[in-house]
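Novice: Please find one structure pasted underneath; my questions will follow.
What follows is calculated from the coordinates using simple rules that are stated; it is not laboratory data. Since we're looking at a predicted model, the values are computed, not measured. Note: ideal-geometry Cβ built from the backbone for every residue, glycine included; neighbour counts use all protein chains shown.
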């Protein structure tokens, strides 16, 4: 019997409420010029902020897209830039996920699922499905990157790379995850949702090709 499956992907940004809690940047002790010290402090603080969206403790999920494997129905849930109500986004995601038995991701084992779990805990939202994070086995979660990389979290290979290697075509557009924070800062919420949905479409194509070879 075929399991009801969905592809999903998350986009994240820095949580503004956590900026003040970042550790003080470490400044080169050899610097003596106050202007250079100030410039380096500002540069390192910006570097810290740019990494916040990758850390589940300092991030906010700004978009979650779900794509039904069978019907191809796609839905993107975006964070409201006015309220930053992540709880509402998570509740909407889990309401959809409840109907599914298998979850397909790209790097979900190390990023998407831990991010979902942690952010749900922070917002006191009870997950409506248990998405497995077990390694070296396939339960209800297919992490395509883990399979293609031999379960090595450090293995090379982006979604675009594997799409080109296996499908003969890269993912749509030139945007990647590194653009999301700046897109958010510019108010391009709809564009983030479009990018996230395009990622899921590429993931679905890759998943359909991998079936019967890896699971």
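Novice: If you go through the range 95-112, how many residues are assigned to a helix (DSSP H, G or I), within 30 Å of residue 152 (Cβ to Cβ) and over 9 Å from the mean Cα position of the chain (by Cα)? Show your work before the answer.
Specialist: Filtering the range 95-112 down to residues assigned to a helix (DSSP H, G or I) leaves 95-97, 108-112.
If we keep only those that are within 30 Å of residue 152 (Cβ to Cβ) too, we end up with 97, 108-112.
Checking the rest, the ones that are also over 9 Å from the mean Cα position of the chain (by Cα) come to 97, 109-110.
Counting residues in the range 95-112 that are assigned to a helix (DSSP H, G or I), within 30 Å of residue 152 (Cβ to Cβ) and over 9 Å from the mean Cα position of the chain (by Cα) gives 3.
Novice: Still on this structure: Taking the criterion of being over 20 Å from residue 72 (Cα atoms) and in contact with a helix residue (DSSP H, G or I) (Cβ under 9 Å, 6 or more places away or on another chain), would at least one residue in the range 206-215 satisfy it? Let's see the steps before the verdict.
Specialist: Start the filter on the range 206-215 by keeping residues that are over 20 Å from residue 72 (Cα atoms), which leaves 213-215.
Next cut, in contact with a helix residue (DSSP H, G or I) (Cβ under 9 Å, 6 or more places away or on another chain) only: 214-215.
There is at least one residue in the range 206-215 that is over 20 Å from residue 72 (Cα atoms) and in contact with a helix residue (DSSP H, G or I) (Cβ under 9 Å, 6 or more places away or on another chain).
Novice: Inspect the range 122-134 for any residue being in contact with a helix residue (DSSP H, G or I) (Cβ under 7 Å, 6 or more places away or on another chain) and more than 29 Å from residue 16 (Cβ to Cβ) and give the result as yes or no.
Specialist: yes
Novice: Looking only at the range 34-89, filter to residues that are part of a helix (DSSP H, G or I) and touching a strand residue (DSSP E or B) at 6+ places or on another chain (Cβ under 7 Å); which one of those is surrounded by the fewest Cβ atoms within 10 Å (Cβ to Cβ)? Explain how you work it out, then say what you get.
Specialist: To start, the set of residues in the range 34-89 that are part of a helix (DSSP H, G or I) comprises 34-52, 86-89.
Next cut, touching a strand residue (DSSP E or B) at 6+ places or on another chain (Cβ under 7 Å) only: 49, 52, 86, 89.
On the way: 49: 16, 52: 20, 86: 20, 89: 23.
The qualifying residue surrounded by the fewest Cβ atoms within 10 Å (Cβ to Cβ) is 49.
Novice: Here is a list of conditions, (1) surrounded by 15 or more Cβ atoms within 10 Å (Cβ to Cβ); (2) within 17 Å of the chain's Cα centre (by Cα); (3) not in a helix (DSSP H, G or I), and residue 154 meets all of them except one; can you say which number that is?
Specialist: (1)
Novice: Tally the residues that are farther than 17 Å from residue 6 by Cα and outside any helix (DSSP H, G or I), restricting the search to the range 169-211.
Specialist: Total satisfying the criteria: 11.
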